[in-house]
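Structure record follows, encoded as structure tokens.
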Amino acid sequence: MPRRLAAIAAISFGTALVVLDGAIATVALPTIAADLGVESSSVVGVVTVYQLILVMLLLPFSGLGERIGLKRLFQIGQLVFTVATALCFFAGSLPFLLIVRAAQAVGAAAVLSVASALIRSIYPRDQLGRGMGINSVVVSISAALAPSLGGLVLSVAPWPWVFASAVPFALLSLAFGRALPDVGRRLEPYDVLSALLCALMFGLIIGGIESGVHGDSPVVSIAVVLAGLAIGAVFVRRQQGEAKPILPVDLLAKPVLALSTLGAFTAFLASMTIFVTLPFRLQMGYGMTPSEVGAVIAPWPLTMMLVAPLSGWLSDRYPAGILGSIGMAIAFCGLLTLAFLPAEPSLFDIGWRMAFSSAGFAMFLSPNARLVVGSAPIDRAAAAGGLIATTRMLGQTCGATLAAALLAVGIGATLTPPLIAAGLALVAGVCSLARLRPSLREPKKEEADHFPSATVR
């Protein structure tokens, strides 16, 4: 147990590092734009390049971790992040800062790609859901802390210190990292070509979609997306012939894992759509101040912090299909109440709706992640963890893109986004309910068969 606690601390600080670094930059964007003398639209690249690199590298790095060791890749990622952060202090132009942010994202992707697989090796089988719940709490706390921490740093120091504020988490994770388990490595050579195809597929498709949404040439955007799809077709065909592919087509071939992945994607897509569009609706439609908007959004992460560990604990005792279905039913009802707000809502009117919706998502996400990681064979745990992280980042990135599109056509500040989010939650709930079919629940047996009997003690 003492070593397990140190390993949990290493994973928690590493996860906090990734979430903080991804969310804290948004607070500093106006300051960076003024300091570097660039347009506000251009400086948004500081955030988007980070997200794009993460999506591109999560699955390739999960495969790399299986070859060089999960623990080694986890710690290498934090070292890369720390060195890249130091370079922020020398950023005198936006292009150089974007390169540094890309390097930070490389380190963050290395950490995030193997975190779930390490969690599986840290916790005993009957406590895996609790472990995934604790990790969800860390994510929620970090996301809630990022804006306040960024504002505090900017009030007393130049903007490079905003990025440096996450470095202590990297150092603490490295300090506790000696307790992480040394999971067995695969001896097969790493498929570099497949890794490149995977990164190109995600990069071109997502980059092309975002380019189209932000008003660039439609012809060029469509061409970029089509190029990504063509590369993706070659990549998927190549992966189907591999025993342990980088893109886990072997895991997605199992209906229960395919449904879990689709449900997670739609859930993250729904939550990000709400998060991005709701502040516009509250300020433009109801005349709220930014501080009031922050107050009514706060119940979302706070509720997630309370419900996520509870749902993780319950997932060690009850099927994820039941918990996820209940959670998405709650989220569906909560999002409908957000869509049909009163004409003059009070802060409480909005706050309880945010908390109610968040509780539903928390009830779904932790058990869902536990099922994906726990149902994969132990030698494919890194691939399952990479799939979870990629699904989350892909859903959040697509959600932000969908929100931008809704705002661009003039309906982002109306009741349309929460109605769309409610529909997506309904899809996630159907996916979760479908997993209760007896023919799809064989992975529960596989989980028991493949889970490691030796855990960190």
Residue pairs qualifying under the 6 Å Cβ cut-off, at least six apart or on distinct chains, with the first in the stretch 273-299 being of a type in the set (G, A, S) and the second being surrounded by 18 or more Cβ atoms within 10 Å (Cβ to Cβ), are G285/A413
From the options I246, I274, residue that is part of a loop (DSSP other than H, G, I, E, B) and either among the β-branched types (V, I, T) or farther than 28 Å from R435 by Cα (or both):
I246
Looking at the stretch 277-332, which of its residues are closer than 28 Å to A404 by Cβ, not β-branched (V, I, T) and not in a helix (DSSP H, G or I)?
G287, M288, A298
Return the residue satisfying two criteria in turn: it lies in the stretch 72-106 and is touching a helix residue (DSSP H, G or I) at 6+ places or on another chain (Cβ under 7 Å) and of a type outside the set (A, V, I, L, M, F, W, C), and of such residues it is surrounded by the fewest Cβ atoms within 10 Å (Cβ to Cβ).
S93
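Here's the yes/no breakdown for (1) within 20 Å of V249 (Cα to Cα); (2) buried (at least 18 other Cβ atoms within 10 Å of the Cβ); (3) not β-branched (V, I, T):
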position: V156; (1), (2), (3): no, no, no
position: P160; (1), (2), (3): no, yes, yes
position: F163; (1), (2), (3): no, yes, yes
position: L172; (1), (2), (3): no, yes, yes
position: F176; (1), (2), (3): no, yes, yes
position: S194; (1), (2), (3): yes, yes, yes
position: A199; (1), (2), (3): yes, yes, yes
position: G212; (1), (2), (3): no, yes, yes
position: P218; (1), (2), (3): no, no, yes
Taking the stretch 261-300 and keeping residues surrounded by 23 or more Cβ atoms within 10 Å (Cβ to Cβ) and either at pLDDT below 80 or within 18 Å of V138 (Cα to Cα) (or both) leaves F268, S271, W300
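Among the listed residues A33, A23, which satisfies the condition of being free of Cβ contacts under 8 Å to residues at least 12 places away in the same chain and within 20 Å of A157 (Cα to Cα)?
Criteria check complete, one pass: A33.
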Scanning the stretch 140-152 for residues that are touching a residue at least 40 places away in the same chain (Cβ under 8 Å) and surrounded by fewer than 21 Cβ atoms within 10 Å (Cβ to Cβ), the one farthest from T390 (Cα to Cα) turns out to be G151
Selection within the stretch 101-137 - part of a helix (DSSP H, G or I), over 17 Å from the mean Cα position of the chain (by Cα) and over 30 Å from I32 (Cα atoms)
R120, S121, I122, R125, D126, Q127, L128, G129, R130
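The values are calculated or read from the model by the stated rules, or taken from the named source; none is laboratory data. Source: prediction; values computed, not measured. Please note: Cβ atoms are built from the backbone with ideal geometry, for glycine as well, and neighbour counts cover all protein chains shown.
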